[in-house]
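Each remark here refers to the structure printed beneath this line.
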Amino acid sequence: MDKFAFLKKNQIALRQDQDELEDVCKYLASKSFNLLLEIGSFQGGSAIILSALLEPGSTIILIDPLLRGEKATEAFKWSCNWLEEQGFKVYPFIGMSHDLKIQKKIYSLIKDFHVGLLYIDGDHHTRNVLDDFHAFADTVETILFHDVIKNHQVNTAWHHIYKKRYKSRIFHNKFGTNWATGIGILESI
Ligand SMILES: C[S@@+](CC[C@H](N)C(=O)[O-])C[C@H]1O[C@@H](n2cnc3c(N)ncnc32)[C@H](O)[C@@H]1O
């Protein structure tokens, strides 16, 4: 069963357009990431999809304040357990990405990793997207941003980022679902 069908079967919500995320995964498939850091994990759906890009035994760090009620929190815990059962080392942080205590703990976890993937899908205000980028960009190799086309504030953040040291591109399914909002990718060069 593919992972999108797996999420549906297990009632884990995914706030992504399937085609956009599939295209991103195909594009990144040749890379061997050993770390996934996701800001804004919600129920863990996107982390489960992106885990397909990770080497066995990789580290997965998820950050979310989990403010969407009991059902969503249970789903998030279920996803973390499932990822652990697949052999990943999972570190869930319940809180905000700009919390300095959380950032400090995350830096200590990721200091030895070299091929990391960061997914920024938390607070979508321009200032906060840029803060997330500046807090973690130097610790990873590839950065994904959700909503770079359809969310004006994320779009502004995307255009503010100085991209000279990156190869950049955007995947956008123009005829897709409500969640087809554009995923921007920055790869270190
Ligand atoms: C669009 S949802 C993420 C969807 C998820 N990536 C998926 O595809 O299913 C945005 C999430 O970001 C979380 N969030 C908002 N501000 C945040 C912050 N500063 N740090 C971490 N998570 C944040 C919200 O609680 C919410 O669950």
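Readers should treat all values here as calculations from the given coordinates under stated rules, not as data from a laboratory. Values in this document were obtained by computation on a predicted structure and should not be read as measured data. Cβ: placed from backbone, ideal geometry, glycine included. Neighbour counts: every protein chain shown.
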- Item | Table column - 3J(HN,Hα) (Hz), the range 113-121, Karplus curve with 6.51, -1.76, 1.60, x for Gly and Pro | 8, 10, 10, x, 10, 10, 10, 9, 8
- Note on the structure: K31 and E85 label points (each 7 Å along its Cα→Cβ direction) are spaced in nm at 2.9
- So which helices of the chain fit the span-like rule, where a helix is a whole DSSP H run, its Cα atoms reach 24 Å or more along the axis, and its mean Kyte-Doolittle is at least 0.0? none
- Note on the structure: DSSP beta bridges in the range 30-189: the antiparallel percent, rounded to 5, is 35
- Task: Just need log10 I(q)/I(0) for the chain at q = 0.16 Å⁻¹, Debye formula, equal scatterers on the alpha-carbon atoms, no solvent, rounded to two decimals.
- Result: -0.99
- Message: Can you find, among F133, T73, Q103, the residue sitting farthest towards the positive end of the charge dipole of the chain, where Lys and Arg contribute +1 and Asp and Glu -1 at Cβ?
- Response: F133
- Straight-line reach from K105: which lysines have Cα under 17 Å away, leaving out those fewer than 8 places along the same chain? K89
- Obtain the nm distance between the two label points defined at K111 and H98 by a simple spin-label model: each point lies 7 Å from its Cα along the Cα-to-C-beta direction. 2.6
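Any idea what the dipole of the chain comes to, in debye rounded to 20, about its Cα centre with Lys/Arg Cβ at +1 and Asp/Glu Cβ at -1?
In total the dipole reaches around 260 debye.
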- Task: Determine the calculated [θ] at 222 nm for the chain from helices alone, applying -39500 (n - 2.57) to every DSSP H run no shorter than 4 residues and normalising by the residue count; nearest 500 deg cm²/dmol.
- Result: -11000 deg cm²/dmol
- Message: Using a 7 Å offset from the Cα along the Cα-to-Cβ direction at both S168 and E187, what is the distance between the two label points in nm, to one decimal?
- Response: 1.6
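Can you give the longest stretch of the chain with no exposed loop site, where a site means chymotrypsin sites (Phe, Trp or Tyr not before Pro) in a DSSP loop (not H, G, I, E or B) with at most 13 other C-beta atoms within 10 Å? Numbers along the way, then the final one.
Details: sites that count: Y162, F175.
The segment 1-161 is the longest one with no such site.
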- Of all trypsin sites (Lys or Arg not before Pro) in the range 105-189, the ones in DSSP coil with at most 16 other Cβ atoms within 10 Å are K111, K150, K163, K164, R165, K174
